1. Mind checking the dipole of the stretch 296-422: about its Cα centre, +1 per Lys or Arg Cβ, -1 per Asp or Glu Cβ, Debye to the nearest 20?
2. Return the label of the correct value of Cα extents along the principal axes in Å, as calculated from the structure shown, out of [x] 86, 58, 44; [y] 71, 51, 38; [z] 61, 55, 42.
3. Answer rounded, prolate or oblate for the stretch 135-208, using the Cα gyration tensor with square roots of eigenvalues a ≥ b ≥ c: rounded when a/c is under 1.5, else prolate when a/b is larger than b/c, else oblate.
4. So for the chain, averaging the separation of alpha carbon pairs under 8 Å that are six or more residues apart and normalising by length, what relative contact order in percent results?
5. Go through the stretch 180-264 and name the trypsin sites (Lys or Arg not before Pro) that are in a DSSP coil and have 14 or fewer other Cβ atoms within 10 Å of their Cβ.
6. So, by mean Cβ neighbours within 10 angstrom, what's the order for 152-160, 3-11 with the highest one leading?
7. Within the stretch 28-74, list the trypsin sites (Lys or Arg not before Pro) lying in a DSSP loop whose Cβ has at most 13 other Cβ atoms in a 10 Å radius.
8. Could you put Glu349, Glu21 in order of accessible surface area, largest first, with the 1.4 Å probe and the full protein assembly present?
Amino acid sequence: MTTVAVLDVGSSSLRASLVDERLVVLASYATPLQLLREGTANVTFDPMEMLHRCQQLLDKVASVGSFDRIAITNQRSSAIAFERNRPRAIGMAISWEDLRTASQCLALSRAGAAFAPNQSATKFAWLLDRYGSEYPDLMVGTIDTWLTFALTEGSVLATDATNAAMTGLVDSSGVRWDTSKLELLGMSINNLAPIIDVVANRGAYITANGPASIMVTLADQQASLAGQRAKAKVTLGTSAVADIDLAEDTPRYDRRGPQGTFPIVTATASGRATFGLEAFWMNAGSAIGWLLRNGLLNSPDDSEQVAAKAIPEAIPTVVPAHSGIGAPIWDFGGRCVIANLAPTAGRPEIVHGFLLGIACAAADLIGALTHDSSARLESIGLDGKVASNPIVASALAALTPQPLVLSPSPEATTLGAARLALGIPREALPRGRIVEPGDTAFVAHYYEQYHQSLELAREALPALSKVSF
């Protein structure tokens, strides 16, 4: 039976899974990825540590079963600098959450150029400016580029269109670097990897059982979309992301739709891209991470049990905007608000409020996606670690007109990447279950309060609020 090892590189964890041609996960291993947060803007991680942990995970999978191919799916827009002549990263990688280049984005926007601080473009420019004089052959790339290069021992330099399009540096084709944008940032096409199809042989990683070809690289949200039977989905992971595959051969919008969605490349074949739309909110699981760091939770898995003890009348209204406000408003300077905090509110009520706030943000994403796509959706897929929390899922179901279908696996990204690597049709994916809505009247009232509080969350950091893309 043919099997594939899927390497899923998330914002704070790494996972390798062995998946067979029935799309059954035979084995899965995970390890954390340490993020370093400095001040309010800088978020970094060690790319060499990432590489070594990915190698360890792949070797562990190889110890329990053989595989002849590898699929890589990864967090998007993080930026890594590395040497061209050998697989050695230079400095720390800059996470997609990092906002250090916000002032540069603002200056560029005044000149008529639109870049977002959570895109790779200005992060690449920062790395080249910081290390380029010391390393004349310096390359910059997203996580897929770095891992492909390093796992093949420096023999293959390539990225795919789903990742490249999220850098802010491709043209309207979705498969070519835009030289005018590169020139604006003082970059050269020689600093970047060639863009190839999502499914293509990228060389081999040598396991204890022999070589395994890296056949797929795919951005994580597009992999999640490929892992759902529905053509639209919401993923509640570190962030909240809603996507739809429109299967169109040109982007629906140049930049953003009326409700804040933006075009994404959903797939490629023979050098041509197909497009969909995405609505994005920065904080979901990372908002729960804030609860952990502040002692309100001991583990993310405790959130349901703690929140279940909440007194409904004392639950505060939470806008989980620790890193800014996404669609449909888009305000990088927006920040978290905890409103309507009753004197009797304690730990259970605050945790419950955060879970409902995440559901409200996700409901806004679905509304934005439905409006800007004009699509009639029979159902919407739901996946991600946070989506497995019944409080979040049932509240979101109460706010969503379309049936929500919870993925049978919280890691739909793994199934999507495996499906493409094995050449399996979407119809072969396992069916999920429809999420039953929660207390509709209570959730609707909370949603109304959420939107009132959303206005309070805006422009907390005025300089960042001026950034647009």
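1. Using Cβ point charges on Lys, Arg, Asp and Glu, the stretch 296-422 gives about 60 debye.
2. Checking each listed value against the structure points to [z].
3. Oblate, because a/c is 1.5 or more while a/b does not exceed b/c.
4. Normalised by residue count, the contact order of the chain is 16 percent.
5. Arg255
6. 3-11, 152-160
7. Of the trypsin sites (Lys or Arg not before Pro), not one in the loops of the stretch 28-74 has a Cβ with at most 13 other Cβ atoms within 10 Å.
8. Glu21, Glu349
The values are calculated or read from the model by the stated rules, or taken from the named source; none is laboratory data. Quick caveat, the model's predicted, so the values are computed rather than measured. So basically every Cβ, Gly included, is an ideal-geometry build from the backbone, and we count neighbours across all protein chains shown. For the accessible areas, the whole protein counts, side chains as well, though only heavy atoms, and no ligand, DNA or RNA atoms are used. Shrake-Rupley method; radii C 1.70, N 1.55, O 1.52, S 1.80 Å.
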